[in-house]
Amino acid sequence: MTSGQDESSVRVALRIRPQLAREKIEGCHICTYVMPGEPQVILGKDKAFTYDYLFDMDSQQDAIYTTCTEKLIDGCFEGYNATVFAYGQTGSGKTYTMGTGFDVNIVDEELGIIPRAVHHLFKGIEERRQAAQEQGRPVPEFKINAQFLELYNEEVLDLFDSARDMKQKSLIKIHEDANGGIYTVGVTTRTVSSEAEMMQCLKLGALSRTTASTQMNVQSSRSHAIFTIHLCQVRVCASDNQENESDNRVSNGNSEMDEYETLTAKFHFVDLAGSERLKRTGATGDRAKEGISINCGLLALGNVISALGDRSKRASHVPYRDSKLTRLLQDSLGGNSQTVMIACISPSDRDFMETLNTLKYANRARNIKNKVMVNQDKASQQISALRTEIARLQMELMEYKTGKRMVGEDGVESFSDMFHENSMLQTENSNLRVRVKAMQETIDAQRARLTQLLSDQANQALARAGEGATEEIGNMIQSYIKEIEDLRAKLLESEAVNENLRKNLSRASNRQSFYGGSGPFPSTMLAPEKETSDIIELAKKDLEKLKKREKKKKKSANKEEVPDNEQEKGTEKGTE
């Protein structure tokens, strides 16, 4: 397990909610078009945007969770922080997507991201415990804490604190640790041990959240909500292979003790309140004040996204402190977290401008780079560093044993001449192999062509001679020529191998211990030459036999022609 930093881009998903019944009655038209098979949406006639994931109006909750969030939960078990937040105008389906708006009659298919993530988390804990028991390893220990915050009118409120007084100012403070991580002081932290207990905490906080009715949304969230799960696990250090399994044990006298590591991770689920225009929502009094506060927080969030997404401004100041919302999300945007942003939009043409602004912000968020790293305690980090150092020293010791490294008389460490020479010879050998392979392919092609040409030439010569067994002799000659060419190629190859061996042996004359002793060439290397001569002699004998056979055929044919001539002469005399 390494604790080095790794860059990870903020991934952006776009969800288009279905049209509401009220929008259909009022005659609103759909202004969004999704390109088939691609995560691209076209707004209006010519405004195209591409994202990492795209979910159309008929998308289901399960598909959104599996695509966007499932891998983040698995990453938490390896010590990586994660954040999922929904962004968009009011009434675009953010609360429904995240699953913080509980309904008594909700079915399992409509559960949002948070309830599904809680189920996945406890299922993963149980699977890891069972796997450890089956493999005979110590069972990992898990500790899970939950926090539920609400940002209402730029005040951080604790949704788990049912006895809080809304009239009193909140005492919750936001702090930053030495590593740049954000944490809160004065927040109720609940330790949970089961999925049912976690869901009960989530329902309790969701019911305490501030909501109200506006002209655009019957149950509009009037605050930003952040549900955080803290996961702490203590497990045996994972080994790369069975041979290194003993490295994970620390000897203590006659007994052996397993080496443990502590990993921590936090998962933020953020349900942002929607941006809204007072003219359209018809808000007055407290509702108007809430809308202004919501828009201010979202404006600050947009400025942070713009600063982080613009490469020219990335090195300059990022205004995290302009709002408590951006301060709480500092880890998630440009910090130590794997982040997924789900942009929720309305497909109706009356929300065209709000949808366009959401798409622009979501497009900027794709350029944000987070610095992700494993959250280990200091002891685990030190153990990982020591194990890396041990592996390096073992490699260095192996190089000394094999003669790769050596220490001179002056105490200076250097690589041996034998190692350099061996490296040069290996490089030369690789180059020669490539050249030999290319030459062999050329030789095979030329040999096939030569065989065909010789065969055609022999057939033409026999055809001109007008002898009888032309086809039989041609096939035999072609087979002999081909075999002769094969043997000749083997002979050339053997000579090349012998020449290469002579060169290598001459180079290694002073390196007998490194390359091994030289010996005489085996007589089998010269066997192809003798085999070639035997084949040629055999071919000559077969040709002689064929010629004798042709001569016998001609003689028998001449003898048959003589009696026929005498019989014809006798018949001629009788007629006279």
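The values are calculated or read from the model by the stated rules, or taken from the named source; none is laboratory data. Since we're looking at a predicted model, the values are computed, not measured. SASA here: full protein model, heavy atoms, side chains in, ligands and nucleic acids out. Shrake-Rupley method; radii C 1.70, N 1.55, O 1.52, S 1.80 Å.
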*Of 477, 305, which has the most accessible area and how do the rest follow, probe 1.4 Å?*
477, 305
*If you rank 387, 449 by how much accessible surface each has, with a 1.4 Å probe, what is the order from largest down?*
449, 387
_For residue 17, distant residues with modelled amide H under 5 Å away_ = 345
*So what are the ³J(HN,Hα) numbers for region 78-90, from phi and the Karplus equation (6.51, -1.76, 1.60; θ = phi - 60°), rounded to whole Hz, Gly and Pro as x?*
9, x, 9, 6, 8, 9, 10, 9, 9, 10, x, 6, 5
*asked:* Let me understand region 1-157 better: what is its radius of gyration from the alpha carbons, and its Dmax, in angstrom?
replied: 19.5, 65
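Semi-axes of the equivalent ellipsoid for region 39-125, please: Cα gyration tensor eigenvalues, times 5, square-rooted, ordered largest first, whole Å. Could the numbers behind the result be given before it?
On the way: eigenvalues 129, 65, 25 Å².
Ellipsoid semi-axes (Å, largest first): 25, 18, 11.
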*What does the accessible area of residue 111 come to, in Å² to the nearest 10, when a probe of 1.4 Å is used?*
40
*In square angstrom, rounded to the nearest 10, how much accessible surface does residue 201 have for a 1.4 Å probe?*
10
*asked:* Under the rule of at least 5 residues apart or a separate chain, name every residue whose amide H is placed under 5 Å from the amide H of residue 368.
replied: 10
*Tell me, rounded to the nearest percent, the portion of alpha carbon pairs in region 136-175 spaced more than 12 Å apart.*
69
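Short version: what are the Cα gyration tensor semi-axes of region 1-78, square root of 5 times each eigenvalue, largest first, in whole Å? If you can, show how the numbers build up before the last one.
On the way: eigenvalues 220, 51, 17 Å².
Equivalent-ellipsoid dimensions as semi-axes: 33, 16, 9 Å.
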*Between residue 339 and residues 5 or more places away or on another chain, which pairs have amide H atoms under 5 Å apart, with H built 1.01 Å from N, and which residues are they?*
11, 83
